[in-house]
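These notes are about the structure you will find just below.
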């Protein structure tokens, strides 16, 4: 077994941390800056955290555009990255002050509850109101500079073709998932059905 203490270094060509926690859903977050500039960015540290109310969140290594915009306007939208949108999603990973919708050739579509647009080409989107922003710290309480942005889902858009007998078909959506390393992405493989014991 290769063992390392992160504080002492991993002694490998590439840090394996985010490859070990994988694959992860991609937080493709749309937001709006105070001056009205649209922003769209992918976050590989993203997930769902609560049923009632439904809460999702993404972590940013610093207060980048998405985190700042969500704090300023109190809203953001999560958009599902599917295989046909992979290249466009990659185009939106820039840190420049540009309208990523325009630069990636994507269409901003009006949301129903929040003022932030969703990606029209995305087959699923969740409109969110900001719940809280947490400054992440180490075990010793020292600041990391990273923040975790949580939002309450207040509106959900689902392509009706993905609903079979009223059940969302995850595999049919063909979601793209983030792996480790600088360029690893995955799609869903074999489905395994397993019911929890009573």
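Out of 153, 147, 124, 133, I need the residue that is modelled with pLDDT of 95 or more, closer than 17 Å to residue 63 by Cβ and buried (at least 18 other Cβ atoms within 10 Å of the Cβ). Which one? Before you say what the answer is, go through the steps one by one.
Numbers: 153 fails: closer than 17 Å to residue 63 by Cβ; 124 fails: closer than 17 Å to residue 63 by Cβ; 133 fails: buried (at least 18 other Cβ atoms within 10 Å of the Cβ).
Unique residue meeting the criteria: 147.
Which residues, counting only those in the stretch 94-112, are surrounded by fewer than 14 Cβ atoms within 10 Å (Cβ to Cβ) and either closer than 27 Å to residue 154 by Cα or more than 18 Å from the chain's Cα centre (by Cα) (or both)?
96, 97, 102, 105, 107, 110, 112
Could you figure out which of (1) farther than 22 Å from residue 150 by Cβ; (2) surrounded by 21 or more Cβ atoms within 10 Å (Cβ to Cβ) isn't true of residue 87?
(2)
Can you list the helices (runs of 4 or more DSSP H) lying wholly within the stretch 59-170 that have 1 or more residues being touching a helix residue (DSSP H, G or I) at 6+ places or on another chain (Cβ under 8 Å) and in contact (Cβ under 8 Å) with a residue 60 or more places away in the chain? Walk me through how you get there before you give the answer.
Values: elements: 65-73, 86-91, 100-103.
Because the criterion is at least 1 residues that are touching a helix residue (DSSP H, G or I) at 6+ places or on another chain (Cβ under 8 Å) and in contact (Cβ under 8 Å) with a residue 60 or more places away in the chain, the helices (runs of 4 or more DSSP H) in the stretch 59-170 that meet it are 100-103.
Select from the stretch 171-187 the residues that are assigned to a loop (DSSP other than H, G, I, E, B) and in contact with a strand residue (DSSP E or B) (Cβ under 7 Å, 6 or more places away or on another chain) and write down the one among them that is farthest from residue 78 (Cα to Cα). Don't jump to the end; show me each part of the working.
Taking the stretch 171-187 and keeping what is assigned to a loop (DSSP other than H, G, I, E, B), we get 174, 179-184.
Of the ones still in play, those that are also in contact with a strand residue (DSSP E or B) (Cβ under 7 Å, 6 or more places away or on another chain) are 174, 179.
Details: 174: 16, 179: 19 Å.
Here the answer is 179.
Name the residue, out of 81, 29, that is surrounded by 13 or more Cβ atoms within 10 Å (Cβ to Cβ), under 18 Å from the mean Cα position of the chain (by Cα), over 23 Å from residue 144 (Cα atoms) and at pLDDT 95 or above. Explain how you work it out, then say what you get.
On the way: 29 fails: over 23 Å from residue 144 (Cα atoms).
Of the residues listed, the single one that is surrounded by 13 or more Cβ atoms within 10 Å (Cβ to Cβ), under 18 Å from the mean Cα position of the chain (by Cα), over 23 Å from residue 144 (Cα atoms) and at pLDDT 95 or above is 81.
In the stretch 32-78, which residues are in contact with a strand residue (DSSP E or B) (Cβ under 7 Å, 6 or more places away or on another chain), within 12 Å of residue 129 (Cα to Cα) and loosely packed, with under 15 Cβ neighbours inside 10 Å?
Within the stretch 32-78, 53 is the sole residue that qualifies.
Is it the case that some residue within the stretch 2-22 is surrounded by 13 or more Cβ atoms within 10 Å (Cβ to Cβ) and in a helix (DSSP H, G or I)?
Yes, the conditions are met somewhere in the stretch 2-22.
The values are calculated or read from the model by the stated rules, or taken from the named source; none is laboratory data. Everything quoted here is computed from the prediction, not taken from an experiment. Ideal geometry is used to build each Cβ from the backbone, glycine not excepted, and the neighbour counts take in all protein chains shown.
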